[in-house]
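Reviewing the structure listed below.
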Amino acid sequence: MKFFEVVRTANHNLLRNKIRTLLTVLAIFVGSFTIVLNVAINSGVNSFIDEQTASLGGDNFIMLMPPGSAEMASSMTAKNGPIEFVEKKAGEVEIGAFSDDDIEKLKNIDGIDGDSFYAPRPFGGTGYFASNKTDKKYEIQSMMILPPGNFKIPLAAGELVDQTDEAKKKSQIILEPGYAKALGYNNDEDIVGETITVNFKNEVTGEWFKIDVEVAGVEASGVVSGSMGAIMSRTFYDKLSDAYYAGYPKDYKDSLPTYYIMATYDTGRFTEDEIKQVITDAGYEAWTMSDMMGMIRTFFDAIMVVFTIFGGIALLAAAIGIVNTLLMSVEERTREIGLDKALGMSSKRVYAEFATEAILLGFWGSAFGVFVAMLIGTLVNSAVHAPGGFLEELPTFQLFEFTPWNILPIVIIVMFIAFLAGTVPAWKAAHKNPIDALRYE
């Protein structure tokens with residue numbers, strides 16, 4: 001029994017009733033099309049998140065926090081672009097703090113680099129960005145120094161602030177996406193090297209102070225862009241901190257509690273989960289780059305599961321259609337089957353032909369679904385990145401990502417489902433009694 005001969009015969013038999021075969025293929029197409037698009041979206045989202053995480057670096061970064069204060073870390077990712085400033089009273093959020101003993105205990109934890117510890121003294125309250133290009137003022141949502149470790153914030157323009165070269169002593173800042181145009185500049189490149197002002201209100205004296213700062217660069221748009229706020233050079237942070245605490249009691253700044261510590265850990269010896277478990281066992285909490293991306297992944301994964309279920313329901317309906325199509329084919333070809341068996345065709349050959357017909361129905365339906373899904377996905381990818389598209393500012397984000405690894409398994413699975421659906425009709429055909437079949441009217 002030659003394989004290609006069986007396939008050719010099965011295709012010929014399917015074309016005997018073109019309308020019925022077409023309707024069955026279309027039913028399979030709907031399910032395959034839906035699942036392929038869902039898998040492509042999921043692949044595109046996860047690839048973009050992986051790319052963003054990789055470009056950001058920070059795989060050895062860990063934020064250490066007192067028990068019960070993990071919400072502080074997750075709130076850092078909630079960014080909504082520039083917000084025009086309106087003066088208001090700043091609310092205070094009570095969270096835990098580290099004692100000196102806590103800090104020493106953390107430094108001595110195996111796998112944590114105690115020398116990398118960085119815990120900037122907090123200062124909140126009221127502040128805004130301003131420039132000489134516009135009269136508008138824009139809220140400072142958050143600012144921080146580039147964390148320790150191998151961070152390499154993706155930039156749309158400029159370069160990272162120099163955190164290590166003490167000889168420079170420059171007051172520099174990396175702005176979040178959107179602030180260049182908000183502050184009156186045509187694009188991100190135009191604001192690089194320019195001076196803007198950071199304005200803060202001294203909560204003791206009630207007076208506003210202004211510090212000029214050079215814009216070193218602008219963060220690139222992305223899933224994680226702006227998640228840490230504007231990035232300051234240490235020189236600028238020191239100036240800002242000194243001005244903010246002017247008027248407070250002497251040594252007040254040094255007496256402030258430590259709410260979180262940024263550090264690095266040994267990635268050669270510990271995975272993220274392992275080092276977080278070590279920190280948890282010590283009685284503290286930890287937050288890593290994966291935690292930053294975790295909620296985004298969970299959100300998209302949940303949506304994809306729902307749509308995949310709908311695609312599965314469509315495939316189930318298609319499987320019922322395959323059973324119906326082949327059972328009718330068996331009934332219509334009963335006399336033919338009896339003649340073939342009377343002339344010496346084995347039951348195995350009869351079974352193979354009907355099973356192959358089922359597999360081919362699955363193949364053509366899934367292949368058609370893949371082709372149309374790829375065509376639509378490619379067109380949508382082009383449309384959403386065109387001027388005015390909602391992904392125009394994220395050129396590396398392919399909404400639909402098609403690869404052999406997320407397409408071939410779907411085709412194979414659909415063909416297998418079709419084979420299972422065709423098992424009963426194929427078995428029925430193979431076990432027809434030749435004499436009874438020849439008498440069939």
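In the range 201-219, of all residues being at pLDDT 90 or above and of a type in the set (Asp, Glu), the one that is most open to solvent (accessible area, probe 1.4 Å) corresponds to Asp212.
Residue pairs whose Cβ atoms lie under 9 Å apart, separated by 6 or more positions or on different chains, with the first residue in the range 375-390 and open to solvent by less than 50 Å² (accessible area, probe 1.4 Å) and the second among the hydroxyl-bearing types (Ser, Thr, Tyr), are Gly389/Ser382.
State whether the residues of the range 327-338 include one that is under 19 Å from Glu5 (Cα atoms) and in a helix (DSSP H, G or I). The answer is yes; a qualifying residue exists. The helices (runs of 4 or more DSSP H) found entirely in the range 93-200 that carry 1 or more residues being within 21 Å of Leu256 (Cα to Cα) and modelled with pLDDT of 90 or more are 100-107. Of all residues in the range 391-416, those satisfying the criterion of being in a loop (DSSP other than H, G, I, E, B) and surrounded by 18 or more Cβ atoms within 10 Å (Cβ to Cβ) are Leu391, Leu394, Phe397, Gln398, Leu399, Phe400, Glu401, Phe402. Residues in the range 179-189 that are of a type in the set (Gly, Ala, Ser) and either touching a helix residue (DSSP H, G or I) at 6+ places or on another chain (Cβ under 7 Å) or open to solvent by 40 Å² or more (accessible area, probe 1.4 Å) (or both): Ala180 only.
Summed over the range 335-374, the residues that are over 52 Å from the mean Cα position of the chain (by Cα) and surrounded by fewer than 18 Cβ atoms within 10 Å (Cβ to Cβ) give a count of 8.
The values are calculated or read from the model by the stated rules, or taken from the named source; none is laboratory data. Computed from a predicted structure; not experimentally measured. Cβ atoms come from the backbone with ideal geometry, glycine included; neighbour counts cover every protein chain shown. Ligands, DNA and RNA are excluded from the accessible area calculation, which covers all protein heavy atoms including side chains. Shrake-Rupley method; radii C 1.70, N 1.55, O 1.52, S 1.80 Å.
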